[in-house]
Amino acid sequence: MFEQREGEVALSGDPASEANDARLAFIGRIRSPWKRREDCPKNMDAAREKGGGATVTVDVPYRAGLAGLGGFSHVVVLSWFEQAPRNLIVQKPRHATDAKGVFALRSPARPNPVGLHVARVVSLDVDRGIVEIDAIDALDGTPVIDLKPYFASVDAFPDAMRPNKEA
C-alpha cells in the first residue's frame, strides 16, 4: 500500500514487532466514504472540500464515555492507521521536493501510526454510540483509540507557524 520512494529511510526493524509497552484498546471505528487510500483526502481541509461527512461508532463498553460530550462543537478523534507502514523514519511526500523526518510530517506512515483529526460534531447519539462529524481524512473502518473534546481556548494557537505548506 505504501511504496518506498527515493530519499526515504526505513528503520532496520519493525516497531510493531518490537513494542511491548503500550496496549491500546480500540474504542470504535470510523465510518467514512473513503474505501481506498488513493481516494482518501490527505488532510481535514481536503476532506471538508470533498464533502461526505463521517461517523465515529463507539463500541458498547465505551459508550458511557460519551456522556457530557453533547454541547461541544468539535471533537478530537485519535485514530490508528492500521494499514500504514511503521518502519519509515524519513519520507518524501509526493508533493514535496525534499525528504523529511517523520516527526516533521503528518503522514500516517510512522513508528506509531496515530491519526489526529479535529472535526465538527454534527450530531451525537450516546445510546447508539454514534458521533456524526463533518469530515474525516481516514479510511472507512479505521480504528479509533480515543475521543477528546476540543477546547479552542487551550487547543488553538493563532500565532503558530510552519516553515512551508509541504508539512
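The values are calculated or read from the model by the stated rules, or taken from the named source; none is laboratory data. Predicted model, so just to flag it, every value in this text is computed and none were measured. As a convention, Cβ positions derive from the backbone with ideal geometry for all residues, glycine included, and neighbour counts pool all protein chains shown. Side chains are part of the model used for accessible areas, which takes the heavy atoms of the whole protein and leaves out ligands, DNA and RNA. Shrake-Rupley method; radii C 1.70, N 1.55, O 1.52, S 1.80 Å.
When restricted to residues that are open to solvent by 50 Å² or more (accessible area, probe 1.4 Å) and part of a loop (DSSP other than H, G, I, E, B), the stretch 60-69 contains 2.
For the stretch 19-28, the criterion of being hydrophobic (A, V, I, L, M, F, W, C), touching a Pro at 6+ places or on another chain (Cβ under 6 Å), open to solvent by 70 Å² or more (accessible area, probe 1.4 Å) and closer than 25 Å to Phe151 by Cα is satisfied by at least one residue.
Examine the stretch 42-52 for a residue that is open to solvent by less than 70 Å² (accessible area, probe 1.4 Å), outside any loop (DSSP other than H, G, I, E, B), without any contact (Cβ under 8 Å) to a residue 60 or more places away in the chain and out of contact with any helix residue (DSSP H, G or I) (no Cβ under 7 Å at 6 or more places or on another chain), and state whether such a residue exists. Looking through the stretch 42-52, none of the residues is open to solvent by less than 70 Å² (accessible area, probe 1.4 Å), outside any loop (DSSP other than H, G, I, E, B), without any contact (Cβ under 8 Å) to a residue 60 or more places away in the chain and out of contact with any helix residue (DSSP H, G or I) (no Cβ under 7 Å at 6 or more places or on another chain).
Of a type in the set (Asp, Glu), over 30 Å from Pro61 (Cβ atoms) and modelled with pLDDT of 90 or more: which single residue out of Asp127, Asp140, Asp159 fits that description? On inspection, the qualifying residue turns out to be Asp159. Among strands (runs of 3 or more DSSP E) entirely within the stretch 72-167, having at least 1 residues that are open to solvent by 60 Å² or more (accessible area, probe 1.4 Å) singles out 114-125, 130-133, 143-149.
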